[in-house]
Amino acid sequence: LDSIQPWHFRLLASVMLVVTSLSLAENLAVILVTFKFKQLRQPVNYVIVNLSVADFLVSLTGGIISFLTNLKGYFYMGYWACVLEGFAVTFFGIVALWSLALLAFERYVVICRPLRNMHLSGKHAAVGIAFVWTFSFIWTIPPAMGWSSYTTSKIGTTCEPNWYSGAYTDRTYIIAFFTTCFIVPLSVILVSYGKLMQKLRKVSDTQGRLGTTRKPERQVTRMVVVMIIAFLICWMPYAAFSILVTAYPSIELDPCLAALPAFFSKTATVYNPVIYVFMNKQVLYALKIIAISSV
């Protein structure tokens with residue numbers, strides 16, 4: 001850590017303060033406006049609210065702790081706080097990724113209609129959301145229970161899964177974790193997205209199934225695609241970095257360089273609410289009503 005200057009930590013603290021504040025405010029607004037306006041209570045919006053809840057909790061736990069520890073310049077809160085932060089950020093982050101996979105699959109079912117007359121209901125959304133939280137918990141709690149561990153990162157102010165360990169138990173967990181919590185949901189996203197693109201190429205706006213699809217459905221589909229792309233841009237560097245250090249645990253990396261992907265991934269919690277609001281006219285209109293009524 002000799003290469004890290006005190007101002008580096010202060011800069012990271014400032015960044016985390018801005019990111020955390022924006023994320024908490026934006027995601028809380030999305031949650032409240034969706035539940036306040038009845039017309040927004042649709043199955044696809046339940047999944048988006050679930051994504052906002054996960055992003056809100058990432059910022060409430062990892063964002064605030066990261067801000068405080070970077071102010072100090074080291075993780076001063078002790079072992080269990082480190083485990084809590086590592087687990088919370090990983091757990092809620094995987095919930096967010098699986099929520100996007102669920103959204104992509106929902107768009108595939110709605111637009112491509114592989115199940116013919118089946119319509120997604122609130123019950124289907126609830127089952128999907130329950131699966132997302134349960135599955136994510138099953139694969140992120142093991143390090144807190146002894147299969148691998150959550151430990152401080154190279155920069156020393158945040159906690160994360162033990163990517164650097166060469167021990168057999170640690171490596172088996174990381175491989176299982178990456179398979180179930182990154183490769184599988186990413187595959188669901190890519191396959192669903194690929195099927196949607198095939199449908200777009202096959203039919204025009206005035207022909208076939210897509211032509212009979214209501215305009216709001218097409219708008220929601222575009223919004224979900226943009227959300228997925230933004231999320232992957234934020235998380236791909238961290239995923240690539242994690243794979244690198246897992247494959248080569250003895251690799252020597254500058255702590256500042258090693259910290260960048262993790263901090264960059266946290267900005268994903270800011271983008272999704274913005275995309276949801278500005279690509280959804282109903283939500284934008286609802287927010288305007290709230291703003292006018294509060295004046």
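Straight-line reach from K202: taking Cα to Cα under 21 Å and skipping same-chain neighbours fewer than 8 places apart, the lysines in range are K215. Compared with the dominant principal axis of the Cα atoms in the chain, helix 268-278 is inclined by about 20°.
The angle separating the long axis of helix 184-202 from the principal Cα axis of greatest extent in the chain is about 30 degrees.
Could you work out the relative contact order of the chain, using alpha carbon pairs under 8 angstrom and six or more residues apart, expressed as a whole percent? Could you put the intermediate results ahead of the total?
Numbers: 354 pairs, mean separation 69.3, N = 295.
Computed over the chain, the figure is 23 percent.
Adding -39500 (n - 2.57) for every DSSP H run of four residues or longer, then dividing by how many residues the chain holds, sets the calculated 222 nm ellipticity at -24500 deg cm²/dmol.
Which log10 I(q)/I(0) values does the chain give at q = 0.06, 0.08, 0.12 Å⁻¹ under the Debye formula, counting every alpha carbon as one identical point scatterer? Each listed q maps to, in turn, -0.21, -0.38, -0.81. Taking each of K38/K288; K38/K195; K36/K123 in turn, the alpha-carbon distance tops 27 angstrom for K38/K195.
Every read-out reported here was derived from the displayed coordinates using simple, explicitly stated rules and does not represent laboratory data. These numbers were taken from a predicted model, which means no experiment stands behind them.
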